[in-house]
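Trainee: Quick one: the structure is below, and I'll ask about it shortly.
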Amino acid sequence: MWWDERVSARFRRNLQPTLTYWSVFFSFGLCIAFLGPTLLDLRCQTQSSLSQITWVFFSQQFCLLLGSCLGGVFKRTLAQSLFALFASSLAISLVFAIIPLCHNVVVLAVVMAVAGLAMGCIDTISNMQLVKIYQKDSAIFLQALHFFVGFGALLSPLIADPFLSDTNCILSNSTVNTSSNLPHIRKSLVPHHPGNLSHYDLPMKGMVVTRVSYAFWIMALINLPVPIAVFFLLYKERMVPCFNSSSHPLLSADELAMETRPTEKDDLSTAVQRPHAAGGHDDLFSCCQSKNFRGASYTYFAVHITGALVLFMTDGIVGEYSGFIYSYAVEEPLSVVHKVAGYLPSLFWGFITLGRLISIPVSYRMKPATMVLINVVGVLITFLLLLIFSYSVVVLFVGTASLGLFLSSTFPSMLAYTEDILQYKGCATTVLVTGAGIGEMVLQLLVGSIIHDQGSYSFLVCGMIFGGLAFTFYAFLLFFHKMYPKPSSDMDDASPDKPAVMDDTGQYQR
C-alpha cells in the first residue's frame, strides 16, 4: 500500500467519521456548481431580468462567506459540529426541493442565501474536524475531502444539462429573435458581475416552459443520503437525544481510548492535550478577542495572515478564471467560436478535480509546504506562458488544464501546512477558509470591472499579478515559519504559541 500501517490503522479507527465528512463535502460541491448552468431557466421561472437573476449568485456567495466565518462557533463540542453538519446537509436537500417552487426572484435569493450559510458551515466544520482527527497526518485526508467537492461540482451540471431549455423558456413575440443567443448568454453568466449581460433583451412576460425542476428534485434525492449518514454518526456517538437512554457499551469512549494507549507516558500526553483542546480552532469572532492574543509572538499573527493571503489570491484566481475564461476566449485576439470556448470552463474544473484525485497519493509522499511551492510557481509560470502566447488557442487550452492542476491542491495543502506550523493551535482553519472565500468574491468583482474598462487582455495580466502576489505571500510565510518559536516544555500554558500534544492513537474523541 502507498501509505504505512500507522496511517492505515488510524483511518480504520476513524472510518465512519472520515467518510461522513467526505460525503458532506460532496453536498458542498453539488450545491456550488448548479447555479451557473440553470440560471437562465430560473430567470424564466421567476420571470426576472438577467441583471436581477444574477444577484442570486451574490446572495449565495455572500452567505457562504458569512457561514464560513460562523462555522467555527459550532466546533466547541463534537455534538455541536455534527448537529450543524446534519442541519446544513439537510438544508441543502431542502433547498434543492424548494427551488422549483420559487416563482419570485427575491424568494429565490433568500433560499440561495440559506444554501450559502449551510455551505459555509460545511466548509469550515469539515476541514476543522479532519484536522482534529488526523493532525500531522491530515494532508492526505484533506486532499481527499477537496476531491469530493470537485466531484460534486462536476456532477451537478451534468444532472442539470438534459433539463435545460434549448430555446427561450418564456414564450413571447420576441422569443425567435433571442433564442439563438441563449448558448452564448448561458456560458457568459458571471457570478459576481450582475451588469455583465444587461445589454441582452430577453422577454420577461409570457408562458413559462421549463423542465429544470426535475434536475433540482434529482439533486435533492442524490444529496439525501448525506444527512442520513451524519445522523448515523450522531447515533453511533450516542448524541441523538431520544436514544441516549439506551444501554451503554461495555467501555465508555474514554475507557476505550485508554485501552489503546500502551504506556503511562501516553496517558500523561492526553491529559496535557485536553485542557488545550478548547483553545484552538475558534470561530472568526472568538479569534479576534484580545484574550487570545496574550503571550503570542508577532509570528503567530504573521502565519495566520500570510496563509490567508495566499489563499485569498489562489482561490480568487479560481473564481476569476472560471468566471471570465469563456468571455476572454470569444473576444479578440483569439475569437474562439462559442461552442469550442464553452469547453474551457469544463476543462478547467475537470483538471481541478483530476488534480485533487492525483494529490491524494502524492500528498503522502510530499510535504504540504513543497506542494504549495510547486503550485504557486506553476500558476505563475502558466500565466506567463499564456501572456507570451496570447494569440494561440492551443496554448490557451493547455494552459487552462495546467492551471486547474496547479490550483487543485493549493487549499488543502496550505491548510495542512499552516496548521502544522501552529501545532494545531490558533484559528488557522477559520482564517484560511474565510480568506479564501473573500478572495473568490472580491477578485472576481475586481477583474470584471477591469475587463469592462481595459479590455479582455487585462484578464491574463490580472491573473499574472495575482499569481505573483500569491508567490510573494508564500515566501513571507516560509520566512515566518523559520522565525516561529519551536515547541518548548517550559512555554507558558496560556500562550497561543504553545503546541498541542498530539494523541498518537488517532482515537476519535468527543
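Trainee: Can you find, among 451, 474, 349, the residue farthest towards the positive end of the dipole of region 296-486? Put +1 on the C-beta of Lys and Arg, -1 on that of Asp and Glu.
Mentor: Selected residue: 474.
Trainee: Here's something else I'd like to know. Compute the FRET efficiency between residue 483 and residue 390 as 1/(1 + (r/R0)^6), taking r as their Cβ-Cβ distance and R0 = 35 Å, and round to the nearest 0.05.
Mentor: Details: r = 40 Å, r/R0 = 1.15.
Rounded to the nearest 0.05, the efficiency is 0.30.
Trainee: Same structure again: Based on the mean of other Cβ atoms within 10 Å per residue, sort peptides 470-480, 312-322 so the most packed one is first.
Mentor: My ranking of the peptides, most packed first, is 312-322, 470-480.
Trainee: Assuming a strict under-30 Å limit between Cα atoms, what lysine pair count do you get for region 296-486 once near-sequence pairs (fewer than 8 apart, same chain) are dropped? Working shown, then result.
Mentor: Numbers: 367/425; 367/482; 367/486; 425/482; 425/486.
Number of lysine pairs found: 5.
Trainee: Under a point spin-label approximation (7 Å from Cα along Cα-to-Cβ), what is the residue 398-residue 238 distance to one decimal in nm?
Mentor: So the label points at residue 398 and residue 238 sit 6.1 nm apart.
Trainee: Once the piece of chain linking residue 103 and residue 346 is laid out straight, how much longer is it, given 0.36 nm per residue of separation minus the C-alpha distance between them?
Mentor: Values: separation 243, 0.36 × 243 = 87.48 nm, distance 2.93 nm.
Here the segment from residue 103 to residue 346 would lengthen by 84.5 nm.
Trainee: What translational D, rounded to a whole number of µm²/s, comes out for region 305-434 from Stokes-Einstein when the hydrodynamic radius is the Kirkwood one over Cα pairs, at 4 °C and 1.567 mPa s?
Mentor: Details: Rh = 15.5 Å.
The Stokes-Einstein estimate is 83 µm²/s.
Trainee: Which FRET efficiency, nearest 0.05, do residue 475 and residue 364 yield, Cβ-Cβ r, R0 22 Å?
Mentor: Details: r = 26 Å, r/R0 = 1.17.
E(calc), rounded to 0.05, equals 0.30.
Trainee: Which of 415, 364, 327 sits farthest toward the positive end of the charge dipole of region 296-486, with +1 on the Cβ of Lys and Arg and -1 on the Cβ of Asp and Glu?
Mentor: The residue sitting most towards the positive pole is 364.
Trainee: OK, next. Just report the Cα centroid separation between region 336-372 and region 77-133, whole Å.
Mentor: 26 Å
Trainee: Here is a follow-up. Tell me which of 302, 385, 402 sits at the most positive position along the dipole axis of region 296-486, charges placed on C-beta atoms (Lys, Arg +1; Asp, Glu -1).
Mentor: 302
Just so you know, all these numbers are worked out from the coordinates, no wet-lab data involved. What you see is a predicted model, and the numbers here were worked out from it, not measured in a lab. Backbone-built Cβ (ideal geometry, glycine too); neighbour counts: all protein chains shown.
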